[in-house]
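Beneath this line is the structure, given in structure tokens, with notes to follow.
The values are calculated or read from the model by the stated rules, or taken from the named source; none is laboratory data. This structure is a prediction, so every number in the text was calculated from the model and none was measured. Cβ: placed from backbone, ideal geometry, glycine included. Neighbour counts: every protein chain shown.
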Amino acid sequence: MDHSPVLRWLEERALPAPGSGGIRCMLRFRSAADFRRFAREWRERHPPGQQASAAVRLLPLVHGVSFTLPAGRPIGSPWAGCAIEPDVRARVHGTVRSVPAVEQGIPWGVRQIRAPQAWRLTTGHNIKVGVIDTGIDFGHPDLRHSVSRGINLLARSMLPHDDNGHGTHIAGTIAAANQLYGMVGVAPRAVIHPVKAFDHNGSAYVSDIILGIEWCIRNRMDIINMSFGMKTRSRALLAAVQNAWRAGIIIVASSGNDAKRKAIDYPARFPQTVSVGATTRMQRIAPFSNRGSLVDIYAPGDKIISAWLRGKYNEMSGTSMSTSHVTGAIALLLAYRPGLSPAEIKEILRNSMNPLRGAKAPKRTGEIDVMRMLAAADRLG
């Protein structure tokens, strides 16, 4: 198949660098073989280091490329064997409220899901958790023994240092381990692999998230935490999520903070994820949380204290915080019962939830309970 029309089209139209203004796009080949041939030809024509090489990024996981087109130019596929979609931004589902805080011991959310009762059976030992977020505070005393190197997709030569705080907060709830002087997360022996795709504003392009998922698959993560969302459905992101599912990786995603009753954000809306809503100390759905039949499970997300930048702590609310509780719980489960598939994990969660409180609480879902979850895993055989 002749790929020269696609090659010429990208060479003529793609702006020199992703940050040079214009419209971010992704082009995906319908055939994996066509993509491989195109990628080989592109590398031959544009070796690393050339300006054109920097202008077009390969996305092998979804058989595509990302690039920037000049604003005002028509966006249309240059070839019948491929399709174009916008490379939209996602945002972290973090801060409904954010105030400095002090934490010592076990936070209320970790207690409410009954994680401490499970630590005699499992602590999440060596479960690999990819956290696609804003990075991590490597120097935080509560995370020092829980963090691997990870990757910075925004600056490949640098460590994924957190310049926002959200990623560090998420990591703390999942796997903080400093009971004497700091806090303890849900799975204190799990290993966080920070995947920095989000900038200091808590924003990321879908193409960077896809590269993050690809990194997680290649490095054999057990769980991917996605405490972010967007309103736009992306076929490319769906393809990446499906690839992770087929690779045996469970993805946990936040439903969003818009208080919607019948809609949730992407990627949580994809059926290959565990979609998470937020609860309060009273085991009621938090007022800000999205809810409804598309939410798989709920977890504490209101006024959650966790690790923050420069070794400090912060109180945050959002379905992001709920997602990190569920991720930690699944890390405990996978250390207790290694080898569970994503489908089996979703079935165990469905069969082990605590009913929510409130007259209007949904009946088909509930709040995560670690001890009930482990018991359901035992019943699975």
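A few comments on the model shown:
- Taking residues in the stretch 341-369 that are free of Cβ contacts under 8 Å to residues at least 24 places away in the same chain, and partners anywhere that are surrounded by 20 or more Cβ atoms within 10 Å (Cβ to Cβ), the pairs with Cβ atoms closer than 7 Å and at least 6 places apart or on different chains are Pro355/Gly366.
- Qualifying residue in the stretch 343-353 (condition: surrounded by fewer than 17 Cβ atoms within 10 Å (Cβ to Cβ) and closer than 26 Å to Phe138 by Cα): no
- Here is the figure for the stretch 181-202: residues that are surrounded by fewer than 24 Cβ atoms within 10 Å (Cβ to Cβ), under 17 Å from the mean Cα position of the chain (by Cα) and basic (Lys, Arg) total 0.
- Looking across the stretch 231-252, the residues that are under 24 Å from Cys25 (Cβ atoms) and either within 12 Å of the chain's Cα centre (by Cα) or of a type in the set (Gly, Ala, Ser) (or both) come down to Ser234, Ala236, Leu237, Ala239, Ala240, Val241, Ala244.
Conditions (1) closer than 18 Å to Arg91 by Cα; (2) assigned by TED's automatic domain parsing to the domain that holds Gln104; (3) surrounded by fewer than 18 Cβ atoms within 10 Å (Cβ to Cβ); (4) in contact with a strand residue (DSSP E or B) (Cβ under 6 Å, 6 or more places away or on another chain), marked per residue:
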| site | (1), (2), (3), (4) |
| --- | --- |
| Ile127 | no, yes, no, no |
| Ile136 | yes, yes, no, yes |
| His140 | no, yes, no, yes |
| Ser148 | no, yes, yes, yes |
| Ser157 | no, yes, yes, no |
| Asp162 | yes, yes, no, yes |
| Gly165 | yes, yes, no, no |
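- Residue match in the stretch 57-78 (condition: on the phi < 0 side of the Ramachandran plot, of a type outside the set (Gly, Ala, Ser), assigned to a helix (DSSP H, G or I) and at pLDDT below 85): no
- Subset tally (residues that are assigned to a strand (DSSP E or B) and not small (Gly, Ala, Ser)) for the stretch 124-173: 10
- Residues that are among the aliphatic types (A, V, I, L, M) and either in a strand (DSSP E or B) or not assigned by TED's automatic domain parsing to the domain that holds Gln104 (or both) within the stretch 314-327 comprise just one, Met316.
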